[in-house]
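Undergrad: Shown below is the structure under consideration.
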Ligand code: NDP
């Protein structure tokens, strides 16, 4: 269910639908942003004159290419890959690569569009882009992953550069894949250009705290939302969807703040542990052994594994969706509210459906949208770029402190902008408007380019 747009924005949205047929996730992401922008156009008519919104909805460049590779049986395989360089008003295109069979142009565009505003919120000099492939890394050998990454980079390298386009990881792309991609980039270009990738290994230009940053940042954002309501995470029961990079470090930081995590998941099912999820077991299963979350109950027989279970059926006070888009719908949101949930913050990108957001907001729950709540990952990527540019390497404590300050600032900017535009407590409006104003002003200053 979608709400009515301001009349000046309706034709813009219709145009997005006509120009991008069949890209449901992209439509959803654009609609959610346009819903916030009515009052901005009234205050800043110059943005309408300069067609800033139309230009923001049209990627600057879209690259689609074939990735041929050979599997371990010697069979030829073909995948499709994408890089959408969405907007470079604030800096080089910046955003991750996703490897998942569901990837198609509409997903990459929704992620790229969100990334533009998210990156603006960080206050750091980065534009927005996103990429990926419909390659499924599950069940592939290490050699197959390497051959795929090398073949992908053999085409992608020509579009990248530390001042042009700087990818990182996302679903299915972690430290191992970044290593293979960066290695091939270095070989083809004959340049050790550290700043062309983020999420690198600590021995070769990576930043301390980057691996932890998205999850940690999400929890810092929750803590700020709760602080604004004179509350805190201490003693709260928490449920986290997923058990990948973002989920693991969200669980870790929530635990540091005194919360008890009672459930997490993967695409196979959910694990419920009323004694509190044992993070070291999850890290071993996911980061070292690369197995399914079901294996958790081998080490903790008192815990329950529910094949295909719905994580949002587990009662909690704080819910952190950290898996994928549209994983929390209207019914899930209603159930969370009913069972006493007081805060939802999105570690994942667009995990809550439009209807789900409406239910959470109507119930007055503190709701932190992904483009604000999970911006700590890309912010720390920008800190990695700073370290690379100065050939420096910061301590974990210093980098984490920078991340924490950035998340406090993002929360404050969203909170204050929402108040200024007559929607107190509405972090979606605050995030969309604050991010839009930054990008819009820069585009305006640079003229029609
Ligand atoms: P990972 O690949 O490390 O983990 C993804 C997790 O989500 C896995 O547990 C996976 O389960 C689960 N998952 C993925 N797709 C689905 C699906 N279709 N249905 C159910 N579960 C699913 O990815 P990340 O942790 O890096 O990313 C998670 C989310 O966070 C994404 O939305 C991403 O865009 C967002 N994000 C990531 C950032 C980062 O720095 N990594 C930065 C900002 C946002 P399984 O293994 O079974 O597939």
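The values are calculated or read from the model by the stated rules, or taken from the named source; none is laboratory data. Since this is a predicted model, take the numbers as computed values, not measurements. Here the Cβ positions follow ideal geometry from the backbone for every residue, glycine too, while neighbour counts run over all protein chains shown.
Undergrad: Being more than 11 Å from the ligand (Cβ to nearest atom) and not in a strand (DSSP E or B) is the filter here; which residues of segment 154-176 pass it?
TA: To start, the set of residues in segment 154-176 that are more than 11 Å from the ligand (Cβ to nearest atom) comprises 154-167, 176.
Of everything in segment 154-176, those that are more than 11 Å from the ligand (Cβ to nearest atom) and not in a strand (DSSP E or B) turn out to be 154, 155, 156, 157, 158, 159, 160, 162, 163, 164, 176.
Undergrad: Any chance segment 332-342 includes a residue that's within 18 Å of the chain's Cα centre (by Cα) and either crowded, with 24+ Cβ neighbours inside 10 Å or assigned by TED's automatic domain parsing to the domain that holds residue 95 (or both)?
TA: Restricting attention to segment 332-342, the residues satisfying the condition of being within 18 Å of the chain's Cα centre (by Cα) are none.
No, because not a single residue in segment 332-342 is within 18 Å of the chain's Cα centre (by Cα) and either crowded, with 24+ Cβ neighbours inside 10 Å or assigned by TED's automatic domain parsing to the domain that holds residue 95 (or both).
Undergrad: Can you tell me how many residues within segment 278-330 are away from the ligand (no atom under 16 Å from the Cβ), under 17 Å from residue 359 (Cβ atoms) and in a helix (DSSP H, G or I)?
TA: Of the residues in that region, 1 qualify.
Undergrad: Would it be correct to say that residue 179 is more than 19 Å from residue 81 (Cβ to Cβ), modelled with pLDDT of 95 or more, surrounded by 16 or more Cβ atoms within 10 Å (Cβ to Cβ) and away from the ligand (no atom under 11 Å from the Cβ)? Show your work before the answer.
TA: Details: more than 19 Å from residue 81 (Cβ to Cβ): no; modelled with pLDDT of 95 or more: yes; surrounded by 16 or more Cβ atoms within 10 Å (Cβ to Cβ): yes; away from the ligand (no atom under 11 Å from the Cβ): yes.
When the stated conditions are applied, residue 179 does not pass them.
Undergrad: Any idea how many residues of segment 383-416 are under 20 Å from residue 178 (Cα atoms), out of contact with any strand residue (DSSP E or B) (no Cβ under 7 Å at 6 or more places or on another chain) and touching a residue at least 12 places away in the same chain (Cβ under 8 Å)?
TA: 6
Undergrad: Going through segment 71-82 one residue at a time, which ones are closer than 26 Å to residue 196 by Cβ, in contact (Cβ under 8 Å) with a residue 60 or more places away in the chain and touching a helix residue (DSSP H, G or I) at 6+ places or on another chain (Cβ under 6 Å)?
TA: Within segment 71-82, just 81 meets the criteria.
Undergrad: Right, another one. Given the conditions (1) over 25 Å from the mean Cα position of the chain (by Cα); (2) exposed (fewer than 13 other Cβ atoms within 10 Å of the Cβ); (3) on the phi > 0 side of the Ramachandran plot, which single one is not true for residue 51?
TA: Every condition holds for residue 51 apart from (2).
Undergrad: Another question about this same structure. Wholly within segment 358-449, which helices (runs of 4 or more DSSP H) include no fewer than the required count, namely at least 2 residues that are surrounded by fewer than 24 Cβ atoms within 10 Å (Cβ to Cβ)?
TA: On the way: elements: 370-373, 376-389, 396-420, 427-446.
Of the helices (runs of 4 or more DSSP H) lying wholly inside segment 358-449, those with at least 2 residues that are surrounded by fewer than 24 Cβ atoms within 10 Å (Cβ to Cβ) span 376-389, 396-420, 427-446.
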